[in-house]
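Q: Structure below; questions to follow.
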Amino acid sequence: MAKTKTKSKSKSRPKSRAKHAVPALQHIPWHTIPLEDLNPLLQRQFVVGQEIMLARVLLKKGCIVPEHTHPNEQLTYILEGTLKFWIDGKEIVVNAGETLCIPSNMPHKAEALEDTVDLDIFAPPRADWINRTDQYLRGKK
C-alpha cells in the first residue's frame, strides 16, 4: 500500500507543476546585456522576472526624463551621481546611496544633475519598455 500511495503522489505532482510553471532561475551579468541607446544622453539595460523588472539606467549630465506616469510601482536606487525629481508638487534630489519609492500612476519627471547610474525596480514589469513603445524616452534630451 505504501508504494501505491507514493506512486499516486508522484503522479499528481507533475500535473500541479504543469498548471503552475516554476519560475526560471536567472543569473545574468550586466556586461552580457547590450546597452540600449534611447537618446544621446540616456541608455538602459533590464532584466525581467515573472512579476518584477530590474533596470540599470545610465544618464549623462543634463538628461531630462520627461514627465510621465505608469501603472507600475517604482523603486529608484542611485548607484552613482544625482537625479532631481519633480513629483507630487515637490522637487526631490536623490543622491548616490539613496532610494526613492514612486507609487503607481504618480506623474514624475527627472533630470540628471551629473552623470548618473541608477537601478530602477518595477512591479509589475514595464510592458512599454519590453515592447519598446516608450516614445517619451526616445530621441530627446
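Bear in mind that the values in this text are calculations on the coordinates, not laboratory data. Treat the numbers as computed from the prediction; the structure is a model and nothing was measured. No Cβ is skipped: glycine too gets one built from the backbone with ideal geometry, and neighbour counts run over all protein chains shown.
Q: Excluding residues fewer than 8 places away in the same chain, name every one of the aspartates and glutamates whose C-alpha is closer than 14 Å to that of K61.
A: Cα-Cα hits under 14 Å: E80, E111, E114, D115, D118.
Q: Rg and Dmax in Å for segment 20-141, alpha carbons only: what are they?
A: Both quantities, over Cα of segment 20-141: 14.1, 46 Å.
Q: Right, another one. Give the order of Y136, Y77 when sorted by the count of other beta carbons within 10 angstrom, beginning with the fewest.
A: Y136, Y77
Q: What are the GluC sites (Glu not before Pro) within segment 42-141 that DSSP puts in a loop, where the Cβ has at most 16 other Cβ atoms within 10 Å?
A: E51, E98, E114
Q: Let me ask something else about it. Report, in debye and to the nearest 20, how large the dipole of segment 28-137 comes out about its Cα centre when Lys and Arg carry +1 and Asp and Glu carry -1 on their Cβ.
A: With only Lys, Arg, Asp and Glu charged at Cβ, the dipole is about 120 debye.
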